[in-house]
Amino acid sequence: MIQGIGASPGIAIGKAFVLPNWEWDLPEQKIDVGDLAREFERLYEGIRTSKVEIEQMKDELREVVGPEESSIFDAHIAILEDPVFMNEIQGIIQRQYKAAEVAVKEAIDHFVTMFDLLDDEYMKERALDIKDVGNRLLKHLLGAPEITLPSDTQPFILIAKELSPSQLAHLNPNHVLGIATLAGSITSHSSIMARALGVPLVVGIESKLEEAIQTGDMLIIDGEHGIVILEPEQRSVEQYTMKQKLHQEKKQQLRGIVGVQSVTKDGKELELSANISSLKELEVALASGTSGVGLFRTEFLYMDRSRLPREDEQYEVYRGAAEKLDNKPLIIRTLDIGGDKQLDYFELPEEENPFLGYRAIRICLDKPSLFKTQLRAILRASYYGNVKIMYPLISSVEEVRAANNLLEQCKQELRAEGIGFSEEIEVGIMIELPAAVVIADMLAEEVDFFSIGTNDLIQFTLAVDRMNEQISYMYEPFHPAVLRMLKLTIEAAKRTGIHVGVCGEMAGDLKALPIWLALDVDELSMSAQAILPVKEKLLTLTQQASREVFDRIMACRTSAQIHEILSPQPVKAERENEQLAERQTAERQPAAKLSK
């Protein structure tokens, strides 16, 4: 048994498919001067073939995942057209008299090594893209066979060193039973997307692997407890098959409360909304009975493409979401790039601390034309539904006012052009910086609602990079300092009378539900897969009892004490084992039941 990190719940049992790294050993033989022209022609033909192949993949996947996710291949084509990458390859051929495939391999290794040395998650992801595109080109130069996933009729467990959100976006969840990655963390964007798609995921197994997993190996993965079992015994297969049945039955049982109002036993109503990044995720959320969208991550419209999305492109997506929601709230977060989210075609400055630097609202206010394009698209979409605007990474009143001034300019332009929009559109902000918490009372007087982004708020409050595996254990949502931050923010919103929600990962954490009830938040926005489990627990609680629990945890001095109060895990595990034993006994004795 391999103990990794459970990043997306669920049980998967099946054969592994190991995503190859496309690694080849190439001879260091030199070419003659007279062969240079032939090597350049081989290179250009390989580039042409690779482009055609990528375009075909893009077209095929567009029907499955939609235009937004399929546009990831635009970035791959851009790499093949990148003059720096191509000049490196051509220079090796011309100056060192090396074959085209050797030059491509050396160029890949050069850029991947350079990017891997940088302390920047985005650049590490770009290294993966270069390796992927470069190896596709190598494949054609070497005449190697295409590496394909198993057929649609044979679902598999995908094994990879790591998966970027772009790669995960175009996997069909109907064909992927589960995923295990050697690297990664529970709070990475890939993990968040896996939870949204309902695919079991275990991350961080590299240091625990004693032997390599091969394609065709039988595997069990438990995405809740972070377990991977290689070539399991029959007893383990039976045990986890039963757990899988219980998990599926539980999901089916939860379907019965889709239409039930989200309200506690003593009458506290709580909106349960969804975090989405595409119309595909919205469909899943609507099937789960979402009360709306509490966070539309619009940066995914900008990422993994070769240019900025035009106003009309954005408008069509926002309008489509508004219409599908049929007047349920749609909170659209304005562009949140920078830090670990960068654009290939939009050059950002190199920074010592990119998470503390030029990002999110700071970029938008510095690039008003870029910002106004998005604001106009959102305003136009507001004509077709209950659309709201939310600014990220706000740290001051001045930023809110500057953003609202640009919004007002957009309104005036649309009025002059005779284009309709909602004059009553609400504007809110994300509370994700300690500075915003401290002046929450001032900010509350400037906006219509707050949404607490717990992921970044925890990270900045504790000075812990949640993507850094060396210190990720210190990323503690139930730290006393974090709870005090939450209390200050929500109380400021309540005093001013504005709507307050939570849209970070903590919103879907069952342990945190008594906290939100005690503090009287109005809305929780989470991955679509978390909505029904949260609702089920909500229906069993009372706000009064939650307030008593909250008083107890606020008196705690350590996170361990708080966890002990909020989640007595042994009790949960014991009940799971009891259910498993009951089912196994029942299935072994069908005749006894019939005789009775």
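Results for (1) under 28 Å from residue 207 (Cα atoms); (2) touching a helix residue (DSSP H, G or I) at 6+ places or on another chain (Cβ under 8 Å); (3) modelled with pLDDT of 85 or more, shown as yes or no for each residue.
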| position | (1), (2), (3) |
| --- | --- |
| 74 | no, yes, no |
| 95 | no, no, yes |
| 110 | yes, yes, yes |
| 126 | yes, yes, no |
| 151 | no, no, no |
| 165 | yes, yes, no |
| 169 | yes, yes, no |
| 185 | yes, yes, no |
Just checking, how many residues over segment 485-503 are assigned to a helix (DSSP H, G or I), surrounded by fewer than 23 Cβ atoms within 10 Å (Cβ to Cβ) and within 27 Å of the chain's Cα centre (by Cα)?
1
For residues in segment 310-336 being of a type outside the set (A, V, I, L, M) and crowded, with 19+ Cβ neighbours inside 10 Å, which is nearest to residue 402 (Cα to Cα)?
334
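Give segment 358-377 a look and list any residue that's outside any helix (DSSP H, G or I) and over 24 Å from residue 434 (Cβ atoms), or say none.
Here is the first cut: in segment 358-377, the ones outside any helix (DSSP H, G or I) are 358-360, 367.
Selection gives 367 alone.
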For residue 298, work out the one condition from (1) out of contact with any Phe, Trp or Tyr (no Cβ under 9 Å at 6 or more places or on another chain); (2) assigned by TED's automatic domain parsing to the domain that holds residue 371 it doesn't fulfil.
(1)
Of the residues in segment 259-283, those that are at pLDDT below 95 and in a loop (DSSP other than H, G, I, E, B) number 3
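Conditions (1) at pLDDT below 95; (2) in contact with a Ser or Thr (Cβ under 7 Å, 6 or more places away or on another chain); (3) under 24 Å from residue 76 (Cβ atoms), marked per residue:
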position	(1), (2), (3)
322	no, no, no
328	no, yes, no
333	no, yes, no
339	yes, no, yes
343	yes, no, yes
348	yes, no, yes
352	yes, no, no
356	yes, no, no
366	no, no, no
Working only within segment 460-487, note down all residues that are at pLDDT 80 or above, under 20 Å from residue 567 (Cβ atoms) and hydroxyl-bearing (Ser, Thr, Tyr).
473, 475
Can you report the number of residues in segment 452-473 which are farther than 15 Å from residue 502 by Cβ, part of a helix (DSSP H, G or I) and not polar (S, T, N, Q)?
3
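Can you say whether residue 290 is in the same structural domain as residue 378 (by TED's automatic domain parsing), at pLDDT below 95, among the hydroxyl-bearing types (Ser, Thr, Tyr) and within 26 Å of residue 452 (Cβ to Cβ), as far as the supplied structure shows?
Working: in the same structural domain as residue 378 (by TED's automatic domain parsing): yes; at pLDDT below 95: no; among the hydroxyl-bearing types (Ser, Thr, Tyr): yes; within 26 Å of residue 452 (Cβ to Cβ): yes.
No.
Quickly run through segment 461-482 and pick out the residues that are touching a helix residue (DSSP H, G or I) at 6+ places or on another chain (Cβ under 6 Å) and touching a residue at least 24 places away in the same chain (Cβ under 8 Å). Let's see the steps before the verdict.
As a first pass, look at segment 461-482 and keep what is touching a helix residue (DSSP H, G or I) at 6+ places or on another chain (Cβ under 6 Å): 461, 464, 466-467, 476-479, 481-482.
Those that are touching a helix residue (DSSP H, G or I) at 6+ places or on another chain (Cβ under 6 Å) and touching a residue at least 24 places away in the same chain (Cβ under 8 Å): 461, 466, 467, 476, 477, 478, 479, 482.
Might you check whether a residue that is within 20 Å of residue 448 (Cβ to Cβ), hydrophobic (A, V, I, L, M, F, W, C) and either modelled with pLDDT of 95 or more or part of a loop (DSSP other than H, G, I, E, B) (or both) occurs anywhere in segment 528-551? Write out each step before concluding.
Kept after step one, since they are within 20 Å of residue 448 (Cβ to Cβ), are these residues of segment 528-551: none.
For segment 528-551, residues within 20 Å of residue 448 (Cβ to Cβ), hydrophobic (A, V, I, L, M, F, W, C) and either modelled with pLDDT of 95 or more or part of a loop (DSSP other than H, G, I, E, B) (or both): absent.
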Could you check segment 191-205 and list, in sequence order, the residues that are buried (at least 24 other Cβ atoms within 10 Å of the Cβ) and either modelled with pLDDT under 80 or closer than 18 Å to residue 295 by Cα (or both)?
191, 193, 194, 195, 196
Within segment 392-417, residues being in contact (Cβ under 8 Å) with a residue 12 or more places away in the chain and either more than 24 Å from residue 320 (Cβ to Cβ) or touching a Cys at 6+ places or on another chain (Cβ under 8 Å) (or both) number 13
Does residue 380 qualify as being modelled with pLDDT of 95 or more, under 24 Å from residue 450 (Cα atoms), touching an Asp or Glu at 6+ places or on another chain (Cβ under 9 Å) and part of a helix (DSSP H, G or I)?
yes
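Within the bounds of segment 357-366, is there any residue that is among the aliphatic types (A, V, I, L, M), at negative phi and over 21 Å from the mean Cα position of the chain (by Cα)?
The first filter runs over segment 357-366 and keeps only residues among the aliphatic types (A, V, I, L, M), leaving 360-361, 363, 365.
Still in the list and also at negative phi: 361, 363, 365.
If we keep only those that are over 21 Å from the mean Cα position of the chain (by Cα) as well, we get 363, 365.
Yes, that holds for at least one residue.
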Can you confirm whether residue 300 is farther than 15 Å from residue 535 by Cα and part of a helix (DSSP H, G or I)?
yes
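Based on what the data block shows, is residue 497 touching a helix residue (DSSP H, G or I) at 6+ places or on another chain (Cβ under 9 Å) and at positive phi? Give the derivation first.
Details: touching a helix residue (DSSP H, G or I) at 6+ places or on another chain (Cβ under 9 Å): yes; at positive phi: yes.
Criteria met by residue 497.
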For the condition surrounded by fewer than 15 Cβ atoms within 10 Å (Cβ to Cβ) and closer than 30 Å to residue 484 by Cα, what is the one hit in 459, 470, 409?
470
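Name the residues in segment 252-266 that are touching a residue at least 24 places away in the same chain (Cβ under 8 Å) and not aliphatic (A, V, I, L, M), would you? Please lay out each step first, then the result.
So the first thing to find is which residues in segment 252-266 are touching a residue at least 24 places away in the same chain (Cβ under 8 Å), and the list is 254-255, 257-260, 262-266.
Correct list: 255, 259, 262, 264, 265, 266.
The values are calculated or read from the model by the stated rules, or taken from the named source; none is laboratory data. The structure displayed is predicted, hence computed values, not measured ones. Methodologically, a virtual Cβ is constructed for each residue, glycine included, from the backbone with ideal geometry; neighbour enumeration extends over all protein chains shown.
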